[in-house]
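Peer 1: First the structure, then my questions, so here it is.
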Amino acid sequence: MIKNKRDRAKETKHSSLVVRWVSIVALTITVSFVLFSVVVYQIVSKQSMNQQEETSNNVVVTLERTLSSIPDELEISNVIPSLSPSTRRILNGGPAISSKDTRNNAFSDNLISLISNPDINVAVYNRHNEVVFANGDTTPKFSPFKGNRRVVQVKRNNKTTLVTYQKVYSAVNNKLTGYVVVSNKMTYYNHLMSNLLHWMLIISLIAIIFFVAISYVLVVNVVRPIKTMSKVAKEVNADPNSEARIKPLNRDDELAELASSINQMLDRMQSYIEQQKQFVGDVSHELRTPVAVIEGHLNMLERWGKDDPQILDESIKPHCKKPIE
């Protein structure tokens, strides 16, 4: 009973070979796809972020160059006049092109195409951290920073906002006159990365399921012949005279060679068993007559010679002593 339980336990362990192999393959594929997805996601994120940083940088540089012509601290009275009519109109929430502007003059202003971006919010601060000018409904907040420029990525509600801080120095006397803060909502970037992550998860999940299914079929195809060999081996182990053999696998690989070798080994072992049986039969036949003679002689001694020392001595000595050559 205990032995049967052990055998069942062993069979259960062997039957989990498919599970172990498929698990290893699934884990390998999952890790590979995760690494691939992370690399692709990081590359796309880096490229898109560089484009957004370039957009914010163009706005900051253009504003800084425009405001650097002001020799004194930035104020409403000197900031607005330094901006072109088109730029002032956009910052105040007006249209990008006015009917009064000629086509060439409207598009010659570099700030129009930059500030008209709905993702861009601009704020100009003086040296006392007071807002001098801002566009849009949301005014980017100022935060003290070291150096001439600082770029910060702010993440809120799974969305990233790029905030750039720039110090403004007068081109006349090289004095600090104020600060420019540009906030870029990066709507396209956030939408792109969200969709990319969503589709990567879906594609990775489908690919993992697909390859795991393929690996399961391949593993089962490999394990099935091994189970057949194991079954035949158990039958031969239970009955050495069994004529059980592995059926042709109809495949051209190592498993087919192994099955053929096992069958040849079993055939040879069966031949040895037959030879052993023949030998035992021949020996039994050859020994039957001498044994019968000895048995008859012993029966005769039992009946008439066991009480006569002379007859007993004559019957034993020729069999116990060999003549000296």
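The values are calculated or read from the model by the stated rules, or taken from the named source; none is laboratory data. The structure presented is a predicted model; accordingly, all values stated were derived computationally and were not measured. Methodologically, a virtual Cβ is constructed for each residue, glycine included, from the backbone with ideal geometry; neighbour enumeration extends over all protein chains shown.
Peer 1: Inside the stretch 244-261, can you point out the residues that are part of a loop (DSSP other than H, G, I, E, B) and more than 14 Å from Val223 (Cβ to Cβ)? If you could, list the steps in order and put the result at the bottom.
Peer 2: Step one: filter the stretch 244-261 for residues part of a loop (DSSP other than H, G, I, E, B), giving 244-253.
Matches in the stretch 244-261: Ala244, Arg245, Ile246, Lys247, Pro248, Asn250, Asp252.
Peer 1: Residues that are surrounded by 12 or more Cβ atoms within 10 Å (Cβ to Cβ) and in contact with a Gly (Cβ under 9 Å, 6 or more places away or on another chain): does the stretch 166-173 have at least one? I'd like the intermediate steps shown before the answer.
Peer 2: Residues of the stretch 166-173 surrounded by 12 or more Cβ atoms within 10 Å (Cβ to Cβ): 166-172.
Still in the running and in contact with a Gly (Cβ under 9 Å, 6 or more places away or on another chain): 167-168.
Looking through the stretch 166-173, at least one residue is surrounded by 12 or more Cβ atoms within 10 Å (Cβ to Cβ) and in contact with a Gly (Cβ under 9 Å, 6 or more places away or on another chain).
Peer 1: Mind counting the residues in the stretch 134-172 that are of a type outside the set (Ser, Thr, Tyr) and more than 21 Å from Tyr188 (Cα to Cα)? Give the derivation first.
Peer 2: At the first step, the residues of the stretch 134-172 found to be of a type outside the set (Ser, Thr, Tyr) are 134-137, 140-142, 144-159, 162-163, 166-168, 171-172.
Now narrow it down to the ones that are more than 21 Å from Tyr188 (Cα to Cα): 134, 141-142, 144-150, 166-168, 171-172.
Selection size over the stretch 134-172: 15.
Peer 1: Taking the stretch 62-75 as the region of interest, how many residues are surrounded by fewer than 16 Cβ atoms within 10 Å (Cβ to Cβ) and touching a residue at least 12 places away in the same chain (Cβ under 8 Å)? First the steps, then the outcome.
Peer 2: Taking the stretch 62-75 first, the residues surrounded by fewer than 16 Cβ atoms within 10 Å (Cβ to Cβ) are 65, 69, 71-72.
After this cut, where a residue has to be touching a residue at least 12 places away in the same chain (Cβ under 8 Å) as well, the list is 69, 71-72.
Qualifying residue count, the stretch 62-75: 3.
Peer 1: Please go through the stretch 119-140 and give me each residue that is over 11 Å from Ser183 (Cα atoms), surrounded by fewer than 16 Cβ atoms within 10 Å (Cβ to Cβ) and either in contact with a Leu (Cβ under 7 Å, 6 or more places away or on another chain) or modelled with pLDDT of 80 or more (or both), ordered by number.
Peer 2: Arg127, His128, Asn129, Glu130, Val131
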